[in-house]
1. Checking B:Thr48 against (1) touching a Leu at 6+ places or on another chain (Cβ under 7 Å); (2) under 26 Å from A:Val144 (Cβ atoms), which test does it fail?
2. Mind checking which residues of region A:194-211 are surrounded by fewer than 24 Cβ atoms within 10 Å (Cβ to Cβ) and at the interface with chain B (Cβ under 7 Å from one of its Cβ atoms)?
3. Could you pull out the residue among A:Leu257, A:Leu177, A:Leu222 that is at pLDDT below 90, surrounded by 14 or more Cβ atoms within 10 Å (Cβ to Cβ) and in a helix (DSSP H, G or I)?
4. Can you tell me which residue within region A:235-245, out of those that are in a helix (DSSP H, G or I) and facing chain B (nearest Cβ under 10 Å), is surrounded by the fewest Cβ atoms within 10 Å (Cβ to Cβ)?
5. If you check every pair at least six apart or on different chains, which have Cβ atoms under 6 Å apart with a residue in region A:55-79 that is within 24 Å of B:Val31 (Cα to Cα) and of a type in the set (Lys, Arg) first and a residue that is in a helix (DSSP H, G or I) and at pLDDT 85 or above second?
6. For region A:79-95, state whether one or more residues are at pLDDT below 85 and buried (at least 22 other Cβ atoms within 10 Å of the Cβ).
7. Do we find that A:Ala106 is surrounded by fewer than 16 Cβ atoms within 10 Å (Cβ to Cβ), at pLDDT below 80 and assigned to a helix (DSSP H, G or I) in this structure?
8. Being touching a residue at least 24 places away in the same chain (Cβ under 8 Å) and out of contact with any helix residue (DSSP H, G or I) (no Cβ under 8 Å at 6 or more places or on another chain) is the filter; apply it to region A:1-35 and report the residue that is surrounded by the most Cβ atoms within 10 Å (Cβ to Cβ).
Amino acid sequence: MTSAIILVLAVFAASAVEAVEALTIVVAAGVSRGWRSAFEGVAVALVVLAVIVGAVGVPLVHLVPISVLRVVIGGLLLVLGLGWLRKAILRASGHKALHDEDAIYARTVGELRADATPAGPRRRDAVGFAVAFKGVFLEGMEVVLIVISLGSSDHRLGLAAIGAGAAVVIVAGVGALVARQLSEVPENTLKMGVGIMLVSFGTFWTGEGAGVHWPGSDLAILVLVAFFALVAFVGSVALKRLVPTSVGAGEPAGRSLA
Amino acid sequence: MIRRGFVAFGRFWWDFLIGDTPELFVGALVVIGVAFALRHERAAAVVTVPLLIVLVLGLSTYRGRLRRSESTGH
């Protein structure tokens, strides 16, 4: 029960973060290239992602031995979670620029408007479709990985998918209501929380898969969450106090996975 | 078309697993190895595995901070 609640929270928070990033790109595509193509791009990307969950996740659960699945997935969660946590600590300590959805929105709109191909609100537009598809697909792939990883290692694929779906629906609904006030979302805090949960699950499943039985069984996940939260907090404070900041550097221009 | 798909798929996994933080991938492999090595020593495993993960996180975070400083001449 405990692990189910943490699983849903982890999937929900991770999906919400990715959904905010995807929404920025979709709104930029819709505003600058027309909504019809943007929505079509979103719909096709969601269908492709759902097919991937069904085609990869379901066979994984039924065909691969659970101990192998837990080690592989534990390792994947560690790589993914440590990546998120590392960036969140660097951002919280001022060593990396915060993720700015408004800046990303402005840049994407600028690039799309600079494209000479004509587009209108009611016409099909290949550029708008491609940008919206790519945004939703790339951000969604990370959600799919988390859903499959957390869901299949605990035989709760359906529950994980519901958590992810709920996050996407809520972010899309809120996004439609507040008209892209996406910079208000405390993204770095969410990312740090998600990173802590992914690392905790990764540690737990890696150990279980290797044959290490954690004291208290599922309750050990809560202890690991508290432990890694403390580590992240201490790490951020220590890095901020002991090492001079270099935020002026900003982020590399390329897309990052977190 | 199929070739491009495979290349894109491979690139996605390369970026996902290794990207600009290969130490996290190597660190995760080491953690898995240590977990297997200590599977019969429960007390040692439940202490060593989380601490090893903290060490990997600390090294990677410090490396990220150093790289950013070097790129700006700090």
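The values are calculated or read from the model by the stated rules, or taken from the named source; none is laboratory data. All values reported here derive from a predicted model rather than from experimental measurement. Cβ atoms come from the backbone with ideal geometry, glycine included; neighbour counts cover every protein chain shown.
1. All conditions pass for B:Thr48, except number (2).
2. Taking region A:194-211 first, the residues surrounded by fewer than 24 Cβ atoms within 10 Å (Cβ to Cβ) are A:208, A:210-211.
Matches in region A:194-211: A:Ala210, A:Gly211.
3. Exactly one of A:Leu257, A:Leu177, A:Leu222 is at pLDDT below 90, surrounded by 14 or more Cβ atoms within 10 Å (Cβ to Cβ) and in a helix (DSSP H, G or I), namely A:Leu222.
4. Here is the first cut: in region A:235-245, the ones in a helix (DSSP H, G or I) are A:235-242.
Filter once more, so that each one left must be facing chain B (nearest Cβ under 10 Å): A:235-236, A:238-239.
Values: A:Gly235: 23, A:Ser236: 20, A:Ala238: 13, A:Leu239: 20.
Restricting to residues being in a helix (DSSP H, G or I) and facing chain B (nearest Cβ under 10 Å), the top hit is A:Ala238.
5. The qualifying pairs are A:Arg70/A:Trp205; A:Arg70/A:Glu208; A:Arg70/A:Gly209.
6. yes
7. Working: surrounded by fewer than 16 Cβ atoms within 10 Å (Cβ to Cβ): yes; at pLDDT below 80: yes; assigned to a helix (DSSP H, G or I): yes.
Answer is yes for this residue.
8. Ranking the candidates gives A:Trp35 first.
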